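S.K.: The following block contains the structure, expressed as structure tokens.
The values are calculated or read from the model by the stated rules, or taken from the named source; none is laboratory data. Owing to the predicted nature of the structure, the values given are computational and were not obtained by experimental measurement. Virtual Cβ from ideal backbone geometry, glycine too; neighbours counted across all protein chains shown.
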Amino acid sequence: MLDFLLTSEAIMALLTLTFLEIILGIDNIVFISIAANKLPENQRGKATYIGLIFAMIQRIILLFFVSLLIGLKTPFYIINNNWVHIAISWQALILFSGGLFLIYKSTSEIREKVEMPEHDENQVKGKKIHSLSQAIIQIMLIDFIFSIDSILTAVGMTNGLSQNNSHNLILMIIAVVISIIIMITFANTIRKFIDNHPSIQLLGLAFLILIGFMLITEAAHLSHTTFFGETVGAIPKGYLYFAIAFSMFVEFLNQRIVKSRKK
């Protein structure tokens with residue numbers, strides 16, 4: 001197990017996944033803060049910490065559930081005619097559906113952040129909260145919605161890294177735990193940084209579109225899909241890591257240029 005975690009591919013997957021989990025968690029922090037701020041001041045910190053801890057537990061439970069479905073690789077339905085062949089399994093179905101969801105969710109989020117940045121916040125602000133237990137329940141419901149894209153991202157980044165599904169599951173759990181710990185420790189700092197650099201969050205959402213497309217091609221590859229005799233190949237994850245690293249490097253240079261101009 002330790003040998004797998006120390007491989008370069010596993011380390012890159014862990015770093016990239018932790019970064020994306022934090023980016024995906026920014027909205028979660030915003031909504032938790034809005035819900036917690038409706039409580040008396042002495043209960044706000046408690047609601048925030050309990051909300052984030054429940055967020056971690058929820059995501060780990062969902063990881064177990066999704067990983068169980070991903071392990072079902074035997075085809076249950078085969079489409080076979082003159083121009084297309086697809087062997088549909090639960091693994092391929094989950095990856096394909098997850099890819100479509102990530103692309104839809106990411107493009108919707110980008111549109112909302114550009115055209116209606118306060119839309120979701122206003123919806124949360126409109127809900128009444130009278131007690132700590134009500135705040136925690138609302139936080140858990142909000143986090144469940146945000147957990148879905150987080151879990152699908154984790155599956156997309158780790159699927160196929162190891163033949164042993166338990167290795168991939170442990171890697172995903174480590175990334176989730178690290179990201180939640182960072183968010184608990186630096187919630188306000190991270191939120192202020194993203195507010196000052198909104199392009200970072202948009203970049204993270206753009207990465208999710210790439211991951212969504214990768215999930216769709218991987219689902220087609222695992223289904224042994226062929227169109228007119230042409231097989232669909234999986235996209236090597238190294239290409240994805242390079243694209244993310246290159247984009248982050250360009251954004252880092254852009255931030256340095258903006259700072260130097262301000263000085």
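S.K.: Within segment 96-148, how many residues turn out to be closer than 30 Å to HIS224 by Cα, among the basic types (Lys, Arg) and modelled with pLDDT under 75?
M.R.: Residues flagged as closer than 30 Å to HIS224 by Cα, among the basic types (Lys, Arg) and modelled with pLDDT under 75 within segment 96-148 amount to 0.
S.K.: Can you list residue pairs whose Cβ atoms sit under 9 Å apart, with the first residue in segment 64-86 being surrounded by 14 or more Cβ atoms within 10 Å (Cβ to Cβ) and the second being of a type in the set (Ser, Thr, Tyr) and outside any loop (DSSP other than H, G, I, E, B)? Count only pairs 6 or more apart in sequence or on different chains.
M.R.: Taking only residues 6 or more apart or on different chains, the pairs are SER67/SER166; HIS85/THR226; ILE86/TYR77; ILE86/THR226.
S.K.: Filter segment 169-187 down to residues that are modelled with pLDDT under 80 and in contact with a helix residue (DSSP H, G or I) (Cβ under 7 Å, 6 or more places away or on another chain) and give me whichever is nearest to GLU21 (Cα to Cα).
M.R.: So, considering only residues that are modelled with pLDDT under 80 and in contact with a helix residue (DSSP H, G or I) (Cβ under 7 Å, 6 or more places away or on another chain), the one nearest to GLU21 (Cα to Cα) is MET183.
S.K.: Also: Exactly one of these conditions fails for LEU72: (1) modelled with pLDDT under 80; (2) of a type in the set (A, V, I, L, M, F, W, C); (3) more than 30 Å from GLU41 (Cβ to Cβ); (4) outside any loop (DSSP other than H, G, I, E, B). Give me its number.
M.R.: Against the list (1) modelled with pLDDT under 80; (2) of a type in the set (A, V, I, L, M, F, W, C); (3) more than 30 Å from GLU41 (Cβ to Cβ); (4) outside any loop (DSSP other than H, G, I, E, B), LEU72 comes up short only on (4).
S.K.: Here is a check on your reading of the model: is THR217 at pLDDT 75 or above, among the β-branched types (Val, Ile, Thr) and more than 22 Å from ALA87 (Cβ to Cβ)?
M.R.: The answer is no for THR217.
S.K.: Identify all residues within segment 224-263 that are of a type in the set (S, T, N, Q), exposed (fewer than 12 other Cβ atoms within 10 Å of the Cβ) and either assigned to a loop (DSSP other than H, G, I, E, B) or at pLDDT below 80 (or both); write none if there are none.
M.R.: Of everything in segment 224-263, nothing turns out to be of a type in the set (S, T, N, Q), exposed (fewer than 12 other Cβ atoms within 10 Å of the Cβ) and either assigned to a loop (DSSP other than H, G, I, E, B) or at pLDDT below 80 (or both).
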